[in-house]
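Structure, as structure tokens:
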Amino acid sequence: MVVTLISQTIIIVLLLAFSFGPAFFSLINAAIKHGYKYASLLATGIILSDLFLCVGICFLIHFGSTNLIQDEKNQRFAGILAGIVLIVFGAFYFKKPASKTDDNIEVVAPAPSVLLIKGFLLNLFNPTVWLLWLGNVTAVGKTLEYSLYKMIIYFSFVLGLVLLIELCKVYLAGKIKKFLTEKIMHRVNVITGILLMVFGVGLIYNHYFNQ
């Protein structure tokens with residue numbers, strides 16, 4: 001049992017910390033643009049979203065209601081909604097930031113609450129994350145004999161590890177900030193926006209046109 005849990009922990013941590021989804025690119029962008037402090041808030045929002053989904057799915061599995069997630073109509077609705085949200089988020093990245101050399105213009109970083117909510121929603125509105133957690137909880141739940149208490153304790157520990165890795169990524173990304181010009185930063189924003197919109201269009205296509 002211990003060996004199985006260790007191997008499952010390694011797999012889950014790698015999947016969550018190094019999956020190149022919308023949240024990943026937004027996190028790196030925030031680290032480069034605003035630095036460690038603000039990006040760490042975005043990372044915290046992402047992890048809180050993971051915890052919310054994880055605990056929710058633990059309860060669904062515990063009470064035998066996983067059909068809510070597995071239902072094709074629910075997945076289709078969630079996928080289309082998530083695609084729209086990602087496209088909207090992506091569009092905001094195309095706005096050219098005010099130049100630091102412009103007179104009477106101050107570049108203001110987003111409020112902490114905004115970053116927490118943004119990280120939470122970016123992760124929450126990704127159907128892939130829902131299905132990933134369904135698979136994780138199902139696999140680990142079998143090992144832990146589907147004990148609700150044990151599953152919540154275990155995944156809280158796992159997400160703590162993931163948060164540490166996310167903060168390390170943020171720290172390293174923030175270190176290159178001083179080498180980037182405003183022109184390069186605008187390009188980074190545009191690339192991030194394009195990636196988010198591509199993810200969004202892909203979700204809409206897969207859940208609506210490809211049914």
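Of the cross-linked pairs LYS37/LYS183; LYS142/LYS169; LYS73/LYS118; LYS33/LYS118; LYS118/LYS175, which ones have a Cα-Cα span greater than 21 Å in the structure shown?
LYS37/LYS183; LYS142/LYS169; LYS73/LYS118; LYS118/LYS175, as the Cα separations exceed 21 Å there.
What list do you get for ILE6, ILE57, ILE117 if you sort them by fewest beta carbons within 10 Å?
Arranged by neighbour count, lowest to highest, ILE6, ILE57, ILE117 become ILE6, ILE117, ILE57.
Give the separation of the Cα centroids, segment 1-66 to segment 104-177, in Å.
3
Coordinate-derived values only; no laboratory data. As the structure is a computational prediction, the values presented were derived from the model and not from experiment. We place every Cβ from the backbone using ideal geometry, glycine too, and count neighbours over all the protein chains shown.
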